[in-house]
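Read-outs throughout are calculated quantities, based only on the coordinates presented, and are distinct from any laboratory measurement. Keep in mind it's a predicted model, so treat the numbers as computed, not measured. Cβ coordinates were reconstructed from backbone atoms using ideal geometry, including for glycine residues, and neighbour counts include every protein chain displayed.
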Amino acid sequence: MGVEKRTTKEWQKLDSAHYLHPFTDFKGLAQKGSRIIEKADGIYLWDADGNKILDGMAGLWCVNLGYGRQELVDAATRQLEQLPYYNSFFQTSHPPAITLSRLLAEVAPEHLNHVFFAGSGSESNDTIIRLVRRYWQLKGQPDRQTIISRVNAYHGSTIGGATLGGMKGMHDQLGLTIPGVVHIEQPYWFGYKGDLDRDAFGLDTAGALERKILELGAENVAAFIGEPIQGAGGVIIPPATYWPEIQRICDKYGILLIADEVITGFGRLGEWFGSQHFGIKPDLITFAKGVTSGYLPLGGVLVGDRVADVLTTDGGEFTHGYTYSGHPVCCAVAIKTIELLRDEKVIEQVKNVTGPHYAKRWAELADHPLVGEVRTTGLMGAIELVKNKQPRELFAPTGDVGFICRNACFANGLVMRSVGDTMISAPPLVITVEQIDEMARLARKCLDDTAAQVL
Ligand code: PXG
């Protein structure tokens, strides 16, 4: 029988009767009913009523090659037939995991040559906590336990990931978090009410890392973790001065630099990794999502030579791993994803053609009465909705206006996500110039419809 055929109403009824959705107010959803997405092709989705929707979020920042890629289906099918599962515990290995490890070392920055696999971004960040603490134990500095993260960061939803993250709403529900994680401010220029120019603000915000290290004592600090661009937090693109200063501070105090590239990895910013866009050299990179173009769950940690050398030289057993670490079918899809990104020059296209075009089309939206700022890098962008442009006046901080806009987007056949009153988008990397034009036309219509309700 498999997946059944039903009407939207029937699906909605069964959905609220049985399915607890992630990050969802269950009662509210039961009242409103879910949007039922039934199929997809390229950059478009179709709901159960046959409405066509441009997916401006690439699923959840992951379907970078778009939907319906037969090559990925074939890669999975072949591997399912050949070896659907085997583990890499107890002195065994298999060709898909080995091939993918080598391929990742090839596309990653030069100093990253090892990989530890997990099933998701959250698990990968839990692995990072374990790796970082193990590294410092082996270095004979076990007091280096504390990981410095940032307010409004998103690093996943396990206890480890949510502790590392800086989302207040999540911390409020977490109860006891894991010890040894502290948060500093985020480089959010638009949200900053002070009078520093962007570059000075970038330096000052990065300086919070040094101030925190000095407060804790460098001998107690293990690492700093950050998303090159904060994604779920609202596409926070830091000033150009920010990351070089973070790198300088990490180097000065010898602490490990972790880039969480679950969103920015695999081409989103027009480079294989966002770290390359910002010119930083992380010791560890978290990846997930785009590594399989979202077709199957896979995450992992790229481990730089500094850490790998210690782990692989007299490190003894690293007592950590998952049943699905290096799952052969997920690895086979990841291998094909990377080959397609490389052979079809998708990332070069983002850097030279579609990224600049998206920047241009999005910048044009800045003249809209509802828009206070637009920012993009690669194919990742944000539109800040404001009540008044000059002097800048924000709406009450309930996120209601963003929510209205998100609904207007759905009604007009476009997926954008709202974070408070910030509208964010990250379309599949295979989006064409013409499709970006279409997306911008739809976005303007959604802004008009929202303005008609709120201005
Ligand atoms: N790190 C980052 C930077 C992420 O964006 C994770 C870790 C966790 O990955 P998993 O695979 O465990 O979900 C993420 C995930 C949103 C949204 O609403 C973003 C994510 C997940 C769910 C929703 O923008 N990012």
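Observations on the model:
- Between residue 139 and residue 410, the modelled labels are 4.7 nm apart [label points 7 Å from Cα along Cα→Cβ].
- Fraction of the pair-distance distribution of the range 255-405 above 22 Å, Cα-Cα pairs, percent: 58
- Assigned charges on the beta-carbon of Lys, Arg, Asp, Glu; the range 71-343 dipole about Cα centre (debye): 300
- Over the range 123-195, the pair-distance histogram of Cα-Cα distances with 5 Å bins from zero comes to 4, 16, 22, 21, 16, 11, 6, 3, 1, 0 percent, rounded to whole numbers.
- For q = 0.12, 0.13 Å⁻¹, Debye-computed log10 I/I(0) when each Cα of the range 71-343 counts as one equal scatterer: -0.72, -0.84
- Cross-link table 13/289; 52/336; 193/389; 168/212; 39/336; 5/39, entries beyond 18 Å C-alpha to C-alpha: 13/289; 52/336; 168/212; 39/336
- Residues 245, 215, 38, arranged from fewest to most other Cβ atoms within 10 angstrom of their Cβ, appear as 215, 38, 245.
- Cα centre as origin, Lys/Arg/Asp/Glu Cβ charges: the chain dipole, Debye: 560
- With the highest mean first, a sort of the peptides 171-184, 432-445 on other beta-carbon atoms found within 10 angstrom per residue produces 432-445, 171-184.
- In order along the range 212-228, the Karplus-derived 3J(HN,Hα) couplings, from 6.51 cos²θ - 1.76 cosθ + 1.60 at θ = phi - 60°, round to 5, 4, 5, 5, 7, x, 4, 5, 9, 9, 8, 6, 10, 10, x, 7, x Hz, and Gly and Pro are given as x.
- Whole-angstrom gap from the range 117-147 to the range 422-455, using each part's C-alpha centre: 40
- For the range 122-134, backbone phi angles converted through the Karplus equation (6.51, -1.76, 1.60; θ = phi - 60°) give residue-by-residue couplings of 4, 4, 5, 6, 4, 4, 4, 4, 5, 5, 5, 5, 5 Hz, Gly and Pro being listed as x.
- Ranking 1, 166, 353 by Cα position along the charge dipole of the chain, where only Lys, Arg, Asp and Glu carry charges on their C-beta atoms, puts 1 farthest toward the positive end.
- The range 255-305 has equivalent-ellipsoid semi-axes of 19, 13, 7 Å, by the square roots of 5 times the alpha carbon gyration tensor eigenvalues, sorted largest first.
- Cβ crowding within 10 Å averaged over residues, with 99-112, 308-321, 15-28 ranked highest first: 99-112, 308-321, 15-28
- Calculated FRET efficiency for the pair residue 74/residue 342, C-beta based, R₀ 22 Å, to 0.05: 0.80
- By the helix-only formula, in which each DSSP H run with n ≥ 4 contributes -39500 (n - 2.57) and the sum is divided by residues, the chain has a 222 nm mean residue ellipticity of -12500 deg cm²/dmol.
- Stokes-Einstein, applied to the Kirkwood radius of the chain over Cα pairs at a viscosity of 1.002 mPa s and 20 °C, places its translational diffusion at 93 µm² s⁻¹.
- Relative to the Cα centre, the charge distribution of the range 107-176, modelled as +1 at Lys and Arg Cβ and -1 at Asp and Glu Cβ, gives a dipole magnitude of about 200 debye.
- Two-decimal ratio, the range 31-187, of alpha-carbon radius of gyration to 2.2 N^0.38 Å: 1.35
- Derived scalar couplings ³J(HN,Hα) [the range 431-441; Karplus, 6.51 cos²θ - 1.76 cosθ + 1.60; whole Hz; x for Gly, Pro]: 4, 8, 4, 5, 5, 5, 4, 4, 5, 5, 4
- Dividing the convex hull volume of the alpha-carbon atoms in the range 410-454 by its residue count gives 72 Å³ per residue.
- Ranked 157, 122, 93, criterion: other C-beta atoms within 10 Å, fewest first: 93, 157, 122
- Between the range 259-273 and the range 185-223, the Cα center-to-center distance that results, in Å: 23
- Summarising the amide proton neighbourhood of residue 113: residues at separation of 5 or more, or on other chains, whose placed amide H is nearer than 5 Å comprise 303, 305.
- Distant-in-sequence amide contacts of residue 315, defined by a placed amide H-H separation under 5 Å and a gap of 5 or more residues or a different chain, comprise nothing.
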